[in-house]
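Student: Sharing a structure, written as structure tokens. Questions coming.
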Amino acid sequence: QVQLVESGGGLVQPGGSLRLSCAVSGISFSSYAMDWYRQAPGKQRELVATITSGGSTNYAQSVKGRFTISRDNAKNTVYLQMNSLKPEDTAVYYCHGGRSRSNYWGQGTQVTVSS
């Protein structure tokens, strides 16, 4: 059974930081590219950051320089460090794992940036 379990969301003030974690089980984690997506109310889900199996990273322009994606293959976990948070970062954040035709999603964790 494949599971992707996100944690670390919550309420934070503008300018603050959060670190999201996604614990993965049931797949060969190290061979999967891992992503973070987000979906704000009334908007489409968008790709935030990607880390390949080899460790290469890519970011949406809106978060570049503020967010950092990383992975720990020994712990089967992918992280998203979010700094300098803005109200427009408010969304449900989803962890995603992909390889070839296999795609898996977590249940999401809410991030709210508000004063």
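The values are calculated or read from the model by the stated rules, or taken from the named source; none is laboratory data. Not measured: the values here are computed from a predicted model. Positions of Cβ are generated from backbone atoms using ideal geometry, with glycine treated the same way; all protein chains shown enter the neighbour counts. Ligands, DNA and RNA are excluded from the accessible area calculation, which covers all protein heavy atoms including side chains. Shrake-Rupley method; radii C 1.70, N 1.55, O 1.52, S 1.80 Å.
Student: Could you check how many residues of the stretch 62-115 are open to solvent by 40 Å² or more (accessible area, probe 1.4 Å) and of a type in the set (Val, Ile, Thr)?
Tutor: 2
Student: A follow-up question, please. If the Cβ limit is 7 Å and pairs must be 6+ apart or interchain, which residue in the stretch 99-111 that is touching a residue at least 24 places away in the same chain (Cβ under 8 Å) and under 13 Å from VAL24 (Cβ atoms) pairs with which residue that is loosely packed, with under 14 Cβ neighbours inside 10 Å and not hydrophobic (A, V, I, L, M, F, W, C)?
Tutor: Here the result reads ARG99/SER31, each pair linking the stretch 99-111 to a residue that is loosely packed, with under 14 Cβ neighbours inside 10 Å and not hydrophobic (A, V, I, L, M, F, W, C).
Student: Among the residues of the stretch 63-87, which ones are in contact (Cβ under 8 Å) with a residue 24 or more places away in the chain and not hydrophobic (A, V, I, L, M, F, W, C)?
Tutor: Of everything in the stretch 63-87, those that are in contact (Cβ under 8 Å) with a residue 24 or more places away in the chain and not hydrophobic (A, V, I, L, M, F, W, C) turn out to be ARG71, ASN73, LYS75, ASN76, THR77, TYR79, GLN81, ASN83, SER84, LYS86, PRO87.
Student: Another question about this same structure. Taking the condition within 16 Å of the chain's Cα centre (by Cα) and crowded, with 16+ Cβ neighbours inside 10 Å, does ARG19 pass?
Tutor: When the stated conditions are applied, ARG19 does not pass them.
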